[in-house]
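Below is one structure; the comments refer to it alone.
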Amino acid sequence: MSAVTASRPVISAWSAVSPYGIGAQALTEGLREGRATSAPVDTARWRVPAGDAHLVPGFEVREVLGKKGTRSMDRVTGLAVTTVGALLEQPQADRDRETGDRAALVLGTTTGSVASMMDFTRSSLVGARPFDVDPAQMPNAVMNCAAGQCAIWYGMRGPNTTLAGGRTASLSAVNYATRLLSSGRAESVLCGAAEEFSSARYWLERHSRESGATDPALGEGCAMLLIQPADACSPERPALAEILAVESRVAFGDDLRATLDACVRSALAASGGSAEEVWAASHSEAPGAAGVVEREVLASVVGERALERVPGVGTLGDVSAASGAFQIAMLLATADGDAGAAGRLAVATSVDRDGSLSCAVLRLAAS
């Protein structure tokens, strides 16, 4: 089993706000207990048909973050700010290093808050004049609002990036974070993705699914990873996993199976590891036929057993852009305390319906 390589970035901490609750411990305990997270949705509040959804229990932005600075904060921004705070407020955190001029933040998304965008657009159409809009709502209609608010709340003055990539946004964010470190643009990166539940998202998803596809219950949440150079780790923030490779491809037409297979094998080759070293693998559970192909390809490369060791991200519902970040968090949570995982590889894949796909390979900590 190889040791962590000094030149490669590592994940040294993580946190999440998920349908299991707020914080890394809530997600870890929920996974270990195998608890279900779906519940009947409040149709009056959310203005959607009766059905189940995977919501963060009791999450109200002003109750969680307080009233100061949150009057017009939308849900996806509240989820992101809460998750970043949960990570930075861990007892092991090094606030001087993890915030400030040399601390970056990279947040993956689908479109930002589609609810805020639609509400702002609607107000310009129904008002007496097109410019009769609430100016306090304007920032929420901008895609990078959540990342910007995270930086403002916690004093992060380094690079601040929002990546819109649908289901592949999380792994794209991880790749971008490693590039920030390798280029010397940052000394630490908080990296992840967020997705909210809303009426607007529900109807967009429902009307954009492929014909005949079953609508999966939507989920929401945010997962964030602390990515640093290996030599920045400390006994308080030890390396949990080394990021060996992140590969991306675009599949056209009926080429998804062959393209994804090539992507996974290329990522393993770039990592210097082999399929036999893979302890666990997680797929993004893309809706429809793409999700079936994704699982079959991953199983054909690393074996069915590897896919069974970690709960599927679908446990949290369809968390779309946040799926990759949650997949990595779930891999780390499950590997913690499992002696069989030490020093072995973990693989995560993401597939979006537009044909974009990606694969990340990690080496889990040796102890």
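Remark: spin-label model distance Ala342-Ala258 equals 4.4 nm, labels positioned 7 Å along the Cα→Cβ axis. Measuring how big region 57-201 is from its alpha-carbon positions, Rg and Dmax come out at 16.0, 53 Å. For the peptides 340-348, 323-331, 53-61, the ranking by mean Cβ contacts within 10 Å, running from highest to lowest, is 323-331, 340-348, 53-61.
So with the 1.4 Å probe, I'd like the accessible area per residue for region 1-118, rounded to whole Å². With the other protein chains kept in place, region 1-118 gives 46 Å² per residue. To put it simply, the accessible area of region 145-224 at a 1.4 Å probe is 48 percent carbon and sulfur. Ordered from longest to shortest, the equivalent ellipsoid semi-axes for region 1-119 are 30, 20, 14 Å, each the square root of 5 times a Cα gyration tensor eigenvalue.
Scaling the Cα radius of gyration of the chain by the globular reference 2.2 N^0.38 Å produces a ratio of 0.95. Its Cα gyration tensor gives region 114-173 an equivalent ellipsoid. The semi-axes, each the square root of 5 times an eigenvalue, are 28, 16, 7 Å from largest down.
Summing charges over all other residues whose Cβ lies under 12 Å from the Cβ of Ser282, with Lys and Arg as +1 and Asp and Glu as -1, gives -1.
Overall form of region 237-278: prolate. Here a/c, set by the Cα gyration tensor axes a ≥ b ≥ c, is 1.5 or more, and a/b is the larger of a/b and b/c. Projected label points at Ala269 and Glu29, each 7 Å from Cα along the beta carbon direction, are separated by 4.6 nanometres. Once Rh is set to the Kirkwood radius over Cα pairs, what Stokes-Einstein translational diffusion coefficient, in µm²/s, holds for region 272-351 at a temperature of 37 °C and a viscosity of 0.692 mPa s? Calculated translational D: 259 µm²/s.
Surface composition of region 62-129: carbon and sulfur make up 50 percent of the accessible area, probe 1.4 Å. Kirkwood hydrodynamic radius computed over region 148-274 comes to 17.5 Å, based on all pairs of distinct alpha carbons. In region 224-367, the convex hull through the Cα atoms has an average projected area of 8.3 nm², a quarter of its surface area.
In the full protein context, region 131-209 carries 41 Å² of accessible surface per residue, based on a 1.4 Å probe and ignoring ligands, DNA and RNA. Mean silhouette area of region 136-207, derived from the convex hull of its C-alpha atoms and averaged over all directions, reads 5.9 nm². Each peptide in 253-264, 116-127 receives the mean, over its residues, of other Cβ atoms within 10 Å, and ordering these scores from highest gives 253-264, 116-127. Placing pseudo-labels 7 Å out from each Cα toward the beta carbon at Arg157 and Ser72 gives an inter-label distance of 2.6 nm. Across region 240-309 the C-alpha pair distances fall into 5 Å bins from zero in the proportions 3, 16, 26, 29, 17, 7, 2, 0 percent. Translational diffusion coefficient of region 179-236 (Stokes-Einstein, Kirkwood radius from Cα pairs, 20 °C, 1.002 mPa s): 144 µm²/s.
Note on Arg129/Thr43: beta-carbon distance plugged into 1/(1 + (r/R0)^6) with R0 of 35 Å gives a FRET efficiency of 0.55.
The values are calculated or read from the model by the stated rules, or taken from the named source; none is laboratory data. The model shown is predicted, which means the values in this text are computed figures rather than measured ones. Cβ coordinates were reconstructed from backbone atoms using ideal geometry, including for glycine residues, and neighbour counts include every protein chain displayed. Surface areas here come from the heavy atoms of the whole protein model, side chains and all, with no ligands, DNA or RNA. Shrake-Rupley method; radii C 1.70, N 1.55, O 1.52, S 1.80 Å.
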